[in-house]
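So that we are looking at the same thing, I have put the structure below in structure tokens.
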Amino acid sequence: MKSKWWLISLLVCLAVACISPLASSSPDGLERVAEDRGFIGLAGEAPYQVIADYVFPGVANEALATILAGVVGTLVLFGAAYGLAWLLTLRKRQLA
Amino acid sequence: MHIPDGFLNVATVATTAAVSVGGIGGAVRIVGKKLGEKQVPLMGILAAFIFAAQMLNFPVAGGTSGHVIGAALAAILLGPWAAVLIMACVLIAQCLIFQDGGLLALGANIFNMGIVASFSGYYIYRLVTWIAGNTRKSTLVGGFAAAWVSVLLASIFCAVELAVSGSSPLGVVLPAMAGVHALIGIGEGLITTAVLGLVLATRADLLQLQRI
């Protein structure tokens, strides 16, 4: 199973995504500073929304919507970075 | 620390975008040349972990929260150029899919949390392990220091960008950003150290690979 260490690691990442509803909903450092120093109003709305604010659209239960967003994002990022790294090293492997 | 649209002026947007495009271009070239076969899945795992971990905002003082950046961890495990690429993947996905961080501010966010945090974290880690030797303890201490400095420096660059853009005077925004992120950096340090401890216990060989 040693060669499949990344599969276990991915499951750990998905487990992390599944506890995301427990995250603090307080504003983060930058948002807090922007609120306190009075420039939060400058922030513009996004021109479109996909899974805005890590809440999966159309799911009534907010915790479940957050978990779904987290799971989707975690899988997308794993695939994107793995795929990118695989593509970038393709030529090197062909030369080898 | 994801900057939304509206906080930065055109000159800052253009400058940070140009630097980030250049940085990603360099990272693509260097990673393509040097990344080992063993490191390909690690790229995916780190991007997935950093995305998931960034969702876990932890409370810091006075109704404020923070989340890890993760660049220092990626830079320690894979090297700064690979970390830039991982952070770019995470930040682009967060911007395009999750509306976290503005479209125009994407370059600044990649610069602060990708380039600045990765390189500062990497060289702080190298410095500590160079001074204290290549031991388990120095890896953990170096990881904590790297993580803390990376968050602080990223927040300082963020504050300078906000000030240059005229959103808030430097004398106001710089101490405010650095102050709160000095606290958030402790969380980043603890999580980075915990993950490095886990890697040392289970896959210590990953820490012996060439850094890119």
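Among (1) within 14 Å of chain A (Cβ to nearest Cβ); (2) in a helix (DSSP H, G or I); (3) in contact (Cβ under 8 Å) with a residue 24 or more places away in the chain, there is one condition residue B:159 misses while meeting the rest; what is its number?
The number of the failed condition is (3).
Can you name the condition, by its number, that residue B:192 falls short on among (1) touching a Phe, Trp or Tyr at 6+ places or on another chain (Cβ under 8 Å); (2) of a type outside the set (Gly, Ala, Ser); (3) surrounded by fewer than 24 Cβ atoms within 10 Å (Cβ to Cβ)?
That leaves (3) as the condition not met.
Looking at residue B:101 and the list (1) under 27 Å from residue A:72 (Cα atoms); (2) assigned to a helix (DSSP H, G or I); (3) touching a Leu at 6+ places or on another chain (Cβ under 9 Å); (4) of a type outside the set (Val, Ile, Thr), which single condition is not satisfied?
(2)
Here are some residues: B:69, B:45. Which one is in a helix (DSSP H, G or I) and among the β-branched types (Val, Ile, Thr)? Steps first, answer last, please.
Numbers: B:69 fails: in a helix (DSSP H, G or I).
Step by step, each of B:69, B:45 is checked, and only B:45 is in a helix (DSSP H, G or I) and among the β-branched types (Val, Ile, Thr).
Can you tell me which residues in segment B:68-101 are farther than 22 Å from residue A:20 by Cα and within 9 Å of chain A (Cβ to nearest Cβ)?
B:82, B:85
Sticking with this one: For the subset of segment A:31-70 comprising residues that are closer than 27 Å to residue B:63 by Cα and among the β-branched types (Val, Ile, Thr), which member is surrounded by the fewest Cβ atoms within 10 Å (Cβ to Cβ)?
Selected residue: A:55.
Here's a follow-up. For segment A:21-42, check the following and say yes or no: at least one residue is touching a residue at least 40 places away in the same chain (Cβ under 8 Å) and not small (Gly, Ala, Ser).
Scanning segment A:21-42 turns up at least one residue that is touching a residue at least 40 places away in the same chain (Cβ under 8 Å) and not small (Gly, Ala, Ser).
Going through segment A:72-90 one residue at a time, which ones are more than 30 Å from residue A:54 (Cβ to Cβ) and facing chain B (nearest Cβ under 7 Å)?
Restricting attention to segment A:72-90, the residues satisfying the condition of being more than 30 Å from residue A:54 (Cβ to Cβ) are A:89-90.
Correct list: A:89 only.
Read-outs throughout are calculated quantities, based only on the coordinates presented, and are distinct from any laboratory measurement. Since we're looking at a predicted model, the values are computed, not measured. Backbone-built Cβ (ideal geometry, glycine too); neighbour counts: all protein chains shown.
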